[in-house]
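Comments concern the structure below.
The values are calculated or read from the model by the stated rules, or taken from the named source; none is laboratory data. The structure presented is a predicted model; accordingly, all values stated were derived computationally and were not measured. Virtual Cβ from ideal backbone geometry, glycine too; neighbours counted across all protein chains shown.
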Amino acid sequence: MNKIWIIIKREYLTRVRKKTFIISTLLFPLLYLGLIFGMGFIAEKSKQNLHVAVIDSSGYFSTDAINKQNLADNSSVLTLVKSNTDKIIADHNAEGYDGYIIIPAINWKEGSDSLFFKANKSYGSGSTAAVEAKLNRIWNEIKNDSLQIDTEKQTILVKSKLRVSARNIKDENANVKTAEGIGYVAGFLIYFILLIYGSQVMMGVMEEKTNRIAEVIVSSVKPFQMMLGKILGIGLVALTQFFLWIAFVLIVYNVGKASGAGGGMATEMVGSMQKMFASVNVPLILFCFGFYFLAGFFFYASLYGAIGSAVNEDMREAQSLSFPITMLVIISIALMTAAISDPTGPIAVWGSIIPFSSPIVMMARIPYGVPGTVPVWQLALSMGLLILGFIFTVWFAGKIYRTGILMYGKKPSWKEMIRWAFRKN
């Protein structure tokens with residue numbers, strides 16, 4: 001046990017002291033926040049307000065109705081054109097318009113076909129959305145006036161809509177939309193952690209093999225101890241980085257909560273987080289995330305470590321051997337999507353129990369409720385099999401490590417690596 005602790009300590013301290021660890025830990029949340037607020041700022045600044053000519057062939061649209069919408073919304077401006085329509089169609093830019101829309105001679109009782117915004121250049125849906133919204137509001141008023149529906153009745157019609165949302169009677173507090181969001185976030189976080197830190201284990205083993213350091217270590221430490229210490233050490237690095245990011249989120253949450261009276265985006269984010277926390281079992285989700293985060297990492301990192309010990313300096317060779325493992329992670333994401341769509345279906349159940357996919361799939365199911373959606377026996381079986389799977393993969397990787405770390409100049413295959421693992425000593 002003392003030898004394993006020494007390896008863990010070496011792996012952990014070597015990595016957390018690197019500048020890359022410090023920079024990535026500090027920059028990731030800042031870049032993430034910058035991405036959220038930056039994209040919103042860019043989208044707002046780059047939003048293009050259009051001046052659109054409306055050529056009405058139906059006779060329903062009026063200048064007053066269009067001006068009313070223009071005053072209510074300062075986005076794109078609509079202008080009802082009753083004369084010189086040929087000039088606008090021939091050259092709308094010369095007439096001061098970005099484009100034009102022709103309203104056909106339609107019967108409002110039968111509805112209308114799609115309208116086309118015609119211009120000399122292409123515009124995306126983001127630019128034409130405001131135009132579409134204004135025209136639809138005008139069209140609704142036209143229909144309401146024709147049917148003699150007053151404002152009070154219009155309000156009743158708008159409010160009297162039937163909305164269907166799923167609710168588990170065993171867990172009344174569960175919110176499906178929140179569960180979907182948490183499931184996606186948790187699943188993709190584990191997905192990125194498995195790929196990023198798993199490849200770090202592979203690269204670390206390859207570096208030790210190239211520098212011949214592993215030959216010295218393996219002479220005094222058993223392969224299982226060596227592999228376990230390395231995986232635990234790098235796993236603690238990932239856990240440290242994750243806890244620092246959680247601390248950052250809590251700081252932002254508390255700062256936003258304290259400044260709630262000031263309003264703004266921070267207040268909206270805090271309000272959304274409070275609603276989310278109220279509708280899910282936060283302690284259970286955090287505990288399960290920590291377990292599947294570590295156990296899933298241990299499961300896959302040992303396999304990546306085995307590949308690192310078998311290859312030499314050729315990265316293409318490492319990528320080729322690691323492709324089947326990476327595909328297992330990608331398949332898990334596909335199963336996660338199916339599990340979120342149907343959290344009690346057979347794909348979700350088996351995907352959350354089988355060790356190679358359970359870290360991602362089970363974390364997509366847990367927010368829906370335990371024991372409502374995920375029975376306790378399924379959660380216990382999933383955790384137990386994942387622990388057994390981790391122990392097996394560490395043993396399997398350790399056996400490959402012992403042979404592969406001392407082998408140079410040869411390109412192994414998975415068939416040969418499996419033969420190393422099950423070879424009698």
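Step by step: first the residues of segment 75-100, then only those that are in contact with a His (Cβ under 6 Å, 6 or more places away or on another chain) and part of a loop (DSSP other than H, G, I, E, B), then the one that is surrounded by the most Cβ atoms within 10 Å (Cβ to Cβ). Which residue is that?
Of everything passing the filter in segment 75-100, D98 is surrounded by the most Cβ atoms within 10 Å (Cβ to Cβ).
Condition test on I366, is it surrounded by fewer than 21 Cβ atoms within 10 Å (Cβ to Cβ) and within 23 Å of the chain's Cα centre (by Cα)?
no
Look at A397 and say whether it is surrounded by fewer than 19 Cβ atoms within 10 Å (Cβ to Cβ) and in a helix (DSSP H, G or I).
The answer is no for A397.
I'm checking my understanding of the structure. Among residues of segment 366-394 that are of a type outside the set (F, W, Y) and free of Cβ contacts under 8 Å to residues at least 12 places away in the same chain, which one is farthest from G351 (Cα to Cα)? First the steps, then the outcome.
Step one: filter segment 366-394 for residues of a type outside the set (F, W, Y), giving 366-367, 369-376, 378-389, 391, 393-394.
Subset that is free of Cβ contacts under 8 Å to residues at least 12 places away in the same chain: 375-376, 380, 384, 391.
On the way: P375: 14, V376: 16, A380: 14, G384: 14, I391: 20 Å.
Within segment 366-394, the match that is farthest from G351 (Cα to Cα) is I391.
Of the residues in segment 334-385, how many are of a type in the set (S, T, Y) and more than 25 Å from S302 (Cβ to Cβ)?
Residues flagged as of a type in the set (S, T, Y) and more than 25 Å from S302 (Cβ to Cβ) within segment 334-385 amount to 5.
For I66, state whether it is out of contact with any helix residue (DSSP H, G or I) (no Cβ under 6 Å at 6 or more places or on another chain), of a type outside the set (G, A, S), in a helix (DSSP H, G or I) and modelled with pLDDT under 80.
Here the answer is no, as I66 does not meet what is asked.
Among the residues that make up segment 27-47, is at least one of them surrounded by 13 or more Cβ atoms within 10 Å (Cβ to Cβ) and modelled with pLDDT of 75 or more?
No: zero hits.
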